[in-house]
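Visitor: Have a look at the structure that comes next, please.
The values are calculated or read from the model by the stated rules, or taken from the named source; none is laboratory data. Everything quoted here is computed from the prediction, not taken from an experiment. Every residue, glycine among them, receives a Cβ derived from its backbone with ideal geometry; neighbour counts consider all protein chains shown. Quick note on the areas: whole protein, heavy atoms, side chains included, nothing else; ligands and nucleic acids left out. Shrake-Rupley method; radii C 1.70, N 1.55, O 1.52, S 1.80 Å.
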Amino acid sequence: MTAWAPSDALGRRVLCGTEYATVRYVGSVPPTAGIWLGVEWDDPQRGKHDGTYEGTRYFKCRHARGGSFIRPNKANFGVDFLTAVKDRYGFNDEQDVQHGTENTLVFGKKPVEFVGMDSIAEQQRQVQLNQLVDISVRECAVSHAGQKEEISRTCANIKHINLSKNLISSWETVTAIASQVQNLETLNISENKMKFPSTSTFVSGVFSKLKILALNQTEITWTEVVLCAPGWPALEELYLTSNNITVLKRPDNVLQTLKLLDLSDNQLLEGNQLHLIAHLPRLEQLILRNTGISSIHFPDAGFGCKTKMFPSLKRLAINDNKISQWSSINELDKLPSLQSLQCHNNPFMDTEKNPETLRQLIIAKISQLEVLNKSEILPAERKGAELDYRKIFGNDWLAAGGNWNPEKNKPSEEFLAAHPRYLSLCLKYGAPEEGELKGQQPLTLKNQLLTLTIKCPEKPEQKPVEKKLPESMTIQRVKGLLYRLLKIPGSELKLSYESSKLEGKEVELDNDLKPLQFYSIENGDCVLVRW
């Protein structure tokens, strides 16, 4: 805290108590005497006006009550990086003063000081600081780098730095700190509202080993990201959440090593902007939560074909968006490498009230998906979903021109647009038989009885038994029934089934909480019991 304002106060970040602000004005405010700081608070409810006082505008604010005037001695302009490190990790000078009496011994009544103990303590402190690899100075009011080369002399082995929520005002300050950390791999400077370069002026080699960079809530634009990106030649993960990024541009010759990009909580103006970042060759994970996108489309690929966009993308998160049409889910099957999808809280999910049916539809529509909404898709679940999908939309297929005769099987373009995987599912499992489609009931039917044959393949003395079971019965309840029916001693049952339509293929019933209908078991199928 100072009674005077630093010469570079304008534009700097300050802390007043627990509130963060940016200095927008330094000078007098008549009729009062002395210097005032006009600040724009991060919390707009904290202020009193918009920078106008007594009819005179001194500075501008984004919010009508986002500004105030404060005296310089009320503003904390922060400390240098190394001071914050020493304070956080207990290496500050105050502790040395407190323990200073340990450098003396008393002989009789005469205290004798050990000469050189201070220098030894300093050497020990240097050694300890040099051992630090992972440093967090979050909320330590760091505002500048400090003396030149002091960081590199004192903390030579740092690899990971958390500088989030400090008083850093510009990217130049970040560069000044990073230039003294030769092996920097991870840097988090989120929650620092700072200025970024408006032209491409990066210092070669400063971030040469940087792999992970978090710039959440820093007010950076995508244009500024692209301008800074040449200085991040090895970057693999980039976090840019909550930055009001609305417009993207193609990152030519930069970010080519990027594997993860998080653009969550930025309201992108339109979904087609994703095409501008679709050719990052190594991008494996894209996080787009709450970005306002309402549709996804890859125009370079037709039905059943793979897009050239996002060639390496394995994991995609599109939660909390405005996607209302199933056609966008169909489009995701065009991604050649997609394995994991998160899509909760989108309007298209409201079209189906049964969550199990909803999950099955998504699984059936995206052929390579292995994880959906953080839950693994087991082979049996995929098979059940695809068989059900083929059956549910069988009558639509026939009405659209589908036919059991391959030469006459020519469903309409409209049907193929709505169900682009349907023909491939028919090739995989065969077209749905006429008997399957008669009186087709919804998946949510609870009381339909299945006539099943129960066999014990490893116990030939056990004769097959025929039983009628409700398709809503869980595997756990089926096991309980079989324990009693077959008089099996207390042991772990293993169930599977063979379909009457797919000879030689055995599917495990491996989830005790799932009903029989989940596995698409049908009349005439055979349940195999082992223990």
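Visitor: Filter the range 424-467 for residues that are among the polar types (S, T, N, Q) and modelled with pLDDT of 90 or more; which is farthest from Leu482 (Cα to Cα)? Steps first, please.
Guide: As a first pass, look at the range 424-467 and keep what is among the polar types (S, T, N, Q): 424, 440-441, 444, 447-448, 451, 453, 462.
With modelled with pLDDT of 90 or more added as a condition, the list becomes 424, 453.
On the way: Ser424: 37, Thr453: 12 Å.
Among residues in the range 424-467 that are among the polar types (S, T, N, Q) and modelled with pLDDT of 90 or more, the one farthest from Leu482 (Cα to Cα) is Ser424.
Visitor: Shifting gears a bit: Being closer than 28 Å to Pro355 by Cβ, at pLDDT 90 or above, touching a Cys at 6+ places or on another chain (Cβ under 9 Å) and charged (D, E, K, R) is true for just one of Arg390, Arg421. Which residue is that?
Guide: Details: Arg421 fails: touching a Cys at 6+ places or on another chain (Cβ under 9 Å).
Answer to the check: Arg390.
For (1) open to solvent by 10 Å² or more (accessible area, probe 1.4 Å); (2) assigned to a helix (DSSP H, G or I), each residue gets a yes or a no:
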{"position": "Leu129", "(1), (2)": "no, yes"}
{"position": "Ile151", "(1), (2)": "no, yes"}
{"position": "Ala156", "(1), (2)": "yes, no"}
{"position": "Ile161", "(1), (2)": "no, no"}
{"position": "Ser164", "(1), (2)": "no, no"}
{"position": "Glu172", "(1), (2)": "yes, yes"}
{"position": "Thr175", "(1), (2)": "yes, yes"}
{"position": "Gln182", "(1), (2)": "yes, no"}
{"position": "Asn192", "(1), (2)": "no, no"}
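Visitor: Out of all the residues in the range 340-371, which are touching a strand residue (DSSP E or B) at 6+ places or on another chain (Cβ under 8 Å), farther than 15 Å from Asn330 by Cβ and either open to solvent by less than 30 Å² (accessible area, probe 1.4 Å) or of a type in the set (Gly, Ala, Ser) (or both)?
Guide: Once the filter is applied, which keeps residues that are touching a strand residue (DSSP E or B) at 6+ places or on another chain (Cβ under 8 Å), farther than 15 Å from Asn330 by Cβ and either open to solvent by less than 30 Å² (accessible area, probe 1.4 Å) or of a type in the set (Gly, Ala, Ser) (or both), the range 340-371 yields only Ser340.
Visitor: Out of the residues in the range 1-24 meeting the condition of being charged (D, E, K, R) and assigned to a strand (DSSP E or B), tell me which one is surrounded by the fewest Cβ atoms within 10 Å (Cβ to Cβ). First the steps, then the outcome.
Guide: The first filter runs over the range 1-24 and keeps only residues charged (D, E, K, R), leaving 8, 12-13, 19, 24.
Pick out the ones that are also assigned to a strand (DSSP E or B) and you get 13, 19, 24.
Values: Arg13: 25, Glu19: 14, Arg24: 18.
Filtering first and then ranking leaves Glu19.
Visitor: Go through the range 280-295 residue by residue and tally those that are closer than 19 Å to Leu335 by Cβ, at pLDDT 95 or above and open to solvent by 10 Å² or more (accessible area, probe 1.4 Å).
Guide: 6
Visitor: Another one. How do the pairs read when you match residues in the range 209-224 that are under 13 Å from Ser198 (Cα atoms) and outside any strand (DSSP E or B) with residues anywhere that are open to solvent by 60 Å² or more (accessible area, probe 1.4 Å) and of a type in the set (Lys, Arg), using Cβ under 9 Å and keeping only pairs 6 or more apart or on different chains?
Guide: Correct list of pairs: Trp222/Lys249; Thr223/Lys249.
Visitor: Suppose the filter is more than 17 Å from His144 (Cα to Cα), assigned by the TED database to the domain that holds Lys259, in contact with a helix residue (DSSP H, G or I) (Cβ under 8 Å, 6 or more places away or on another chain) and aliphatic (A, V, I, L, M); does Leu215 pass it? Give the derivation first.
Guide: Details: more than 17 Å from His144 (Cα to Cα): yes; assigned by the TED database to the domain that holds Lys259: yes; in contact with a helix residue (DSSP H, G or I) (Cβ under 8 Å, 6 or more places away or on another chain): yes; aliphatic (A, V, I, L, M): yes.
Answer is yes for this residue.
Visitor: So Asn319 ticks every box in (1) in a loop (DSSP other than H, G, I, E, B); (2) at pLDDT 95 or above; (3) closer than 22 Å to Gln267 by Cα; (4) open to solvent by 20 Å² or more (accessible area, probe 1.4 Å) but one. Which box is left unticked?
Guide: Failed condition: (4).
Visitor: Sort out which residues of the range 47-58 are open to solvent by 60 Å² or more (accessible area, probe 1.4 Å) and either under 14 Å from Ile70 (Cα atoms) or touching a helix residue (DSSP H, G or I) at 6+ places or on another chain (Cβ under 7 Å) (or both), and write them in order of number.
Guide: Within the range 47-58, Lys48, Tyr53 qualify.
Visitor: Quick one: which residue in Leu255, Leu261 is at pLDDT 95 or above, over 18 Å from Ser340 (Cβ atoms), touching a Phe, Trp or Tyr at 6+ places or on another chain (Cβ under 9 Å) and open to solvent by less than 50 Å² (accessible area, probe 1.4 Å)? Let's see the steps before the verdict.
Guide: On the way: Leu261 fails: over 18 Å from Ser340 (Cβ atoms).
Of the residues listed, the single one that is at pLDDT 95 or above, over 18 Å from Ser340 (Cβ atoms), touching a Phe, Trp or Tyr at 6+ places or on another chain (Cβ under 9 Å) and open to solvent by less than 50 Å² (accessible area, probe 1.4 Å) is Leu255.
Visitor: Just one of (1) open to solvent by 50 Å² or more (accessible area, probe 1.4 Å); (2) over 16 Å from Ile318 (Cβ atoms); (3) not in a helix (DSSP H, G or I) trips up Leu276, so point out which.
Guide: (3) is the only condition that Leu276 fails.
Visitor: Tell me, please, whether a residue that is open to solvent by less than 50 Å² (accessible area, probe 1.4 Å), assigned to a loop (DSSP other than H, G, I, E, B), small (Gly, Ala, Ser) and closer than 30 Å to Asn162 by Cβ can be found in the range 25-46.
Guide: Looking through the range 25-46, none of the residues is open to solvent by less than 50 Å² (accessible area, probe 1.4 Å), assigned to a loop (DSSP other than H, G, I, E, B), small (Gly, Ala, Ser) and closer than 30 Å to Asn162 by Cβ.
Visitor: Could I ask something else about it? May I ask you to list the residues in the range 481-531 that are polar (S, T, N, Q), within 19 Å of Glu466 (Cα to Cα) and part of a loop (DSSP other than H, G, I, E, B)? Full working, then the answer.
Guide: Of the range 481-531, the ones polar (S, T, N, Q) are 491, 496, 499-500, 511, 517, 520, 523.
Subsequent filtering for residues that are within 19 Å of Glu466 (Cα to Cα) retains 496, 499-500, 517, 520, 523.
The answer is Ser499, Ser500, Ser520, Asn523.
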